[in-house]
Each structure stands twice: as structure tokens, then as C-alpha cells.
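Peer 1: The structure under discussion is supplied below as C-alpha cells; questions concerning it will follow.
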């Protein structure tokens, strides 16, 4: 089969690799019909190369048709159309029963003290071959895959794999209430969906913060007031003025540690290292009101000695964060996905839909935020 394979920093290739097969009774093999590039995949592309291995198949947002099931998989049959959650969970351990499928005890990577295994996402999280391929082996298929209608375009359902549950959890963790003011920092795919979900759940105002014109315009189309942080002196001062000093009741950090101004920047022979990787978090703490809530869906990894604990304490902020527990939110999301009016705009969410063979060039396009690239869906 063909698959997107990691060969090194910013070196992805579409290679011919062996087809996956059933290895455990709880496995299934899925023929992939659509698979998306996630913002987190960009970390693998250029940042997390120390925990990657040459030959890794990447990608964790996929759906398709069941081709084969193991002997213990009774809820699926060949021909079923399924979406595959990005976290691999058993459904029966105490963490899964409590709704924390991202911490599944059965697939936890305990030797490295990490959570549940993930598809196509480094050897810190199991080194499981990913979904940017023509076929995908799905462990724990007796529980994980989500059966969907055989009718309708893939894009109506594909985002149940990651984007929708991640954004839904971010809004849930932000304690967004009807009439609230919500600030969303970062208007990539997750931030865009947070805007839509917050408005759907009754937020009176949603303020989106980014610097990419196409992202700001798309968020505005869905009802957000926008702030271009490259055009204002201070984001906190701007939102202070917009809210008459109240600031935001809830803030969602949909950026993480690679915010603009916090990465390693290079220009010709000059390399500047910005040691503070908490730029987005500092903005979030600035714009959240005292007694407010901060929800973090952006990825942070490693230790951060400059973590602003004093600000959290002084402002009495509630903080919630973590990988999305995909299966936990499916009962609430499925009615919205199946609603004929498409209230979250799923069928038009993808800005680019190239063939799988074009993946390397679209990783570069997505990384550079060119051509209005917000969400890429690959078609095998």
C-alpha cells in the first residue's frame, strides 16, 4: 500500500509499505477513504524528530470501510463505515469507564509514563502506524471505531476522529455558559471549531485571536470578533478595551508551545532561539478575568520553569487541559454531525483536498499557512 512515511526533519515521502494485517483478536483493518493533516502533525514534521524513527507512518485522523475484523470484534463487520478516534482505548479499564479514554490503562505507555497510545504519533505514544495510508490496522477495534451512516460525504464524519471532540472538550473544559464572553487564542482547525461550538452553546461573544488574515476572516464569518495580534500593541489591553475592563469569562488556548514568537527562528546564517515557549499561555492569562476559566487544548511538552503559577494564583484561575477523550463526547456530537443543516459547517471545513500522493507538498503549504490553508483532507 501507499503511506505517508517520516524520513527525517521536514522529509516526508509517500512510500510503498507492507499492507497491515490482523495481529490481535481485537484488531480490525480499515480501508482509508479520507485522512486529515492535523496541526499536531506539524510537530512531527519539523519539531519532534528526536522521538521519531525513519519509516514511521504518520497521521491520526482517519475514516474508511472495514475490510477485516479479528475474532473478538463482534460490533463491526466488513463493509461497515467507521471513523477511527486518534486515541487507542479499550473501553473497559477504570480510566475508560471514567471517561478518560486518552489515559486508557490497557494501552498506556507506562515505561515512558505517558498516556494511551495514539495513531501515528511518535514512540512516546506507542509508535503505532498511522492513518495517512491506504489501509490502517486498528487495535482495540472492539471498542474504538465509531460506526457512521453509509450515506453522506466523508467530511461530515471525518472530524469526529479528532477536531470535533478536541474542540468540544476545550469548550466543555472552559465552562462556557450562555451569555459568556469567550476568547479563543489560535484560529487553526481546533480554534475555528471552538468558535463555532462556543457560539452554538450560547456564548454571547467569542473573540478570536490570530494573525493570519484567512483564519481571522473565517472566524468572523462564524460570528467571532477578531483581534490580529500582529497589529495591536498588547492583546490584553485590546480585549480589556473591547470588554470595558471585564476581560473574558473563559479562554481557550488552542495554540500551545509553538506560538509565534516562541519557536526557533532562522534567517540565513542567523539563528535566534526564543527560550520562553509560553507566549500563548501568557496571553491567555492576561485576557482571562479574575475567577475565570482557562482551557488548554494546544500541545505543551516537557518542563517549563517559567510557568506563571503566581499569576494563576493571584487571579484565582481554574485550569483544565489534556488530550481529548474522543469516545466520551460522541453521544453529544453525533446529533450535530447528522443534522441535515450542518450547524458546524463540517462539509465545507476542509480548505484543501489533495490526493494522498501529494501529502509532502501540502504539509509544507500547511506549515507555511499559504493559500488560505486551514484544514487539509487527503484522499487515498
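The values are calculated or read from the model by the stated rules, or taken from the named source; none is laboratory data. This is a predicted model, so every value here is computed, not measured. Glycine gets a Cβ as well: all are built from the backbone with ideal geometry, and neighbour counts include every protein chain shown.
Peer 1: May I ask you to verify whether residue 145 is surrounded by fewer than 24 Cβ atoms within 10 Å (Cβ to Cβ) and either within 13 Å of residue 60 (Cα to Cα) or out of contact with any strand residue (DSSP E or B) (no Cβ under 7 Å at 6 or more places or on another chain) (or both)?
Peer 2: So residue 145 does not fit the description; no.
Peer 1: Looking for whichever is at pLDDT below 95, crowded, with 17+ Cβ neighbours inside 10 Å, in a loop (DSSP other than H, G, I, E, B) and in contact with a helix residue (DSSP H, G or I) (Cβ under 9 Å, 6 or more places away or on another chain) here; the options are 262, 301. Which one fits?
Peer 2: Exactly one of 262, 301 is at pLDDT below 95, crowded, with 17+ Cβ neighbours inside 10 Å, in a loop (DSSP other than H, G, I, E, B) and in contact with a helix residue (DSSP H, G or I) (Cβ under 9 Å, 6 or more places away or on another chain), namely 262.
Peer 1: Regarding residue 313, is this residue surrounded by fewer than 17 Cβ atoms within 10 Å (Cβ to Cβ), more than 26 Å from residue 206 (Cα to Cα) and not assigned by TED's automatic domain parsing to the domain that holds residue 48?
Peer 2: Spelling it out, it is not the case that residue 313 is surrounded by fewer than 17 Cβ atoms within 10 Å (Cβ to Cβ), more than 26 Å from residue 206 (Cα to Cα) and not assigned by TED's automatic domain parsing to the domain that holds residue 48.
Peer 1: Hey, can you tell me all the residues within the stretch 13-28 that are closer than 18 Å to residue 358 by Cβ and exposed (fewer than 12 other Cβ atoms within 10 Å of the Cβ)?
Peer 2: 16 - this is the single residue of the stretch 13-28 that is closer than 18 Å to residue 358 by Cβ and exposed (fewer than 12 other Cβ atoms within 10 Å of the Cβ).
Peer 1: Could you look through the stretch 304-317, keep only residues that are in contact with a helix residue (DSSP H, G or I) (Cβ under 9 Å, 6 or more places away or on another chain) and at pLDDT 95 or above, and pick out the one that is nearest to residue 157 (Cα to Cα)?
Peer 2: Across the stretch 304-317, the extreme among qualifying residues is 317.
Peer 1: Among strands (runs of 3 or more DSSP E) lying entirely in the stretch 18-90, which contain 2 or more residues that are more than 22 Å from the chain's Cα centre (by Cα) and either in contact (Cβ under 8 Å) with a residue 40 or more places away in the chain or under 17 Å from residue 134 (Cα atoms) (or both)?
Peer 2: 28-37, 61-69
Peer 1: Write out, first by first residue and then by second, each pair whose Cβ atoms fall under 8 Å of each other, whose residues are 6+ apart or on separate chains, and whose first residue, in the stretch 147-162, is over 19 Å from residue 192 (Cβ atoms) and in the same structural domain as residue 120 (by TED's automatic domain parsing) while the second is assigned to a loop (DSSP other than H, G, I, E, B) and at pLDDT 95 or above.
Peer 2: 147/75; 147/76; 147/80; 148/157; 149/157
Peer 1: Out of (1) over 30 Å from residue 84 (Cβ atoms); (2) in a loop (DSSP other than H, G, I, E, B); (3) in contact (Cβ under 8 Å) with a residue 40 or more places away in the chain, what's the single condition that is false for residue 307?
Peer 2: Among (1) over 30 Å from residue 84 (Cβ atoms); (2) in a loop (DSSP other than H, G, I, E, B); (3) in contact (Cβ under 8 Å) with a residue 40 or more places away in the chain, residue 307 violates only (3).
Peer 1: Of the numbered conditions (1) under 19 Å from the mean Cα position of the chain (by Cα); (2) more than 17 Å from residue 351 (Cβ to Cβ), residue 189 fails exactly one; give the number of that condition.
Peer 2: Only one criterion is unmet by residue 189, namely (2).
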